[in-house]
Amino acid sequence: MKKKRIYLDYAATTPVDSQVFSVMRPYFTEKFGNPMSIHAFGREASNAVEKARQTSAIFFGCDPSEIIFTSGATESNNLAIKGAAISLVNHQGGSKPHVITTQFEHSCILNSCKKLEEQGMAEVTYLPIGNDGLVKINDIEKAIKANTLLISVMYVNNEIGTIQPIKEIGKLIEKLNSNREQKIIFHTDATQAINYFDCKVDNLKVDLLSMSAHKIYGPKGVGCLYIRKNIRVTRIQDGGGQEFNLRSGTLNVPGIVGLGAALEIAEKERKKVSKLVEKLRDHMITRIMKEIKGVKLNGSKLKRSPNNANFIFQDVEGEGLLLGLDIEGVAVSTGSACSAGDLRPSHVLMAIGIPEEESHGSLRVTLGKYTTKTEIDRFIKSLKEVVARLRKIAGK
Ligand code: PMP
């Protein structure tokens, strides 16, 4: 009989919750209207989108008019970074704003910042990250200049799971803004934080926040960007003027309905799921560190998402480990799924000071609400066998 597959890559994506799927379903078939249409079919779809906007607004503690639906966090991050920077340039008579971000952001933030630099639209500071995987508030404060107008720091890192001090950064920016004529805009990529942490925008004191539904048991290809009322963002896509003229294109109605439902469930289940995955994750870390020699955990032990563990196995190639585990029916990752297949060392591990040779032995294991102890124990059994086999082949 074929062994049941084990999925331990919840940071890459999550299965759609069956409750989410059942509320989405009618919007593929009988309720298929275009929300821009005036007739009953259109109104039915438009009402569903507005209901999801309200649910999302409750989740983030904001006004529904501050939620823009997008195709996911990549698009939200592009719109936040490029849209805010272009708007600043337009309102400053063409002078370049200074943007601060960190070296270990997701590639959609880093590449958006690079694009702005190439086009002469902004100067960007990429802040280093400590060995513990945390950005230092002091470094942010020191990097701020008179023309600093946008700061973007991710809430939870997608590879090592470390939690950045968003509330403290928000407080610092609020304090500095009280004496500045041109206010600094604060953006966070909260994609990996939604399931586990407080995302009320006023508690975080953020002006812009990005997320993707497929990381929270919702569908792929849909997400949103929160934009605080008084913050100017210039659209980067032109068309029919949907989403308050900030994101043209026919709305992904089933996806948006699914996003709303997924956010509602995430809020309800947060405490229970956090407790469950943290307990299993800690059991896994304890057993791996005890039962396998030459293993290191990357990033802070305490300030990390409850579902994430990122290890380095000495004398083993992470790719070999991943493939060996895949044969055993266990799905894990060496880094982020977006850079899988890319054999360059992870920019996240480099940013936290892991030497290149060591970084090749990295393995990211991310748990989710459907993970069981039986799965974790079966994973550890396979892991021990694969590590031993690879070390033997390498003559170690
Ligand atoms: N930011 C972070 C932190 C992520 O983890 C991801 C997904 N790996 C993204 C942005 C991009 O999300 P999507 O691929 O859904 O656009």
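The values are calculated or read from the model by the stated rules, or taken from the named source; none is laboratory data. Owing to the predicted nature of the structure, the values given are computational and were not obtained by experimental measurement. FYI the Cβ positions are ideal-geometry reconstructions off the backbone, even for glycines, and counts take in every protein chain you see. Ligands, DNA and RNA are excluded from the accessible area calculation, which covers all protein heavy atoms including side chains. Shrake-Rupley method; radii C 1.70, N 1.55, O 1.52, S 1.80 Å.
Nearest 10 degrees is fine. How inclined is helix 166-177 to the longest principal axis of the chain, computing both from alpha carbons?
It is inclined by approximately 30 degrees.
Which values of log₁₀ I(q)/I(0), to two decimal places, follow from the Debye formula for the chain at q = 0.06, 0.07, 0.11 Å⁻¹ with a uniform point scatterer at every Cα?
Debye curve over Cα of the chain, log10 I(q)/I(0) at q = 0.06, 0.07, 0.11 Å⁻¹: -0.25, -0.34, -0.82.
At 1.4 Å probe size, with every protein chain present, just tell me what the per residue accessible area of the chain comes to in Å².
That works out to 45 Å² for each residue.
Between 0 and 90 degrees, rounded to the nearest ten: what's the tilt of helix 318-327 against the longest Cα principal axis of the chain?
Tilt relative to the chain: about 80 degrees.
In degrees from 0 to 90, rounded to the nearest 10, what is the angle of the helix 40-60 Cα long axis to the longest principal axis of the chain?
70 degrees
Only Lys, Arg, Asp and Glu count, each charged at its Cβ (+1, +1, -1, -1), so figure out the dipole size of the chain about its Cα centre, rounded to 20 debye.
Computed charge dipole of the chain: roughly 1020 debye.
How big is the gap, in Å, between the Cα center of the stretch 214-257 and the Cα center of the stretch 40-114?
Value for the Cα centre distance between the two parts: 7 Å.
Considering Cα pairs under 8 angstrom that are at least six residues apart, work out the relative contact order of the chain and quote it in whole percent. Write out the running numbers ahead of the final one.
On the way: 750 pairs, mean separation 90.6, N = 396.
Relative CO of the chain lands at 23 percent.
If packing is taken as the average count of other Cβ atoms within 10 Å, what order do 247-254, 268-275 fall into, highest mean first?
247-254, 268-275
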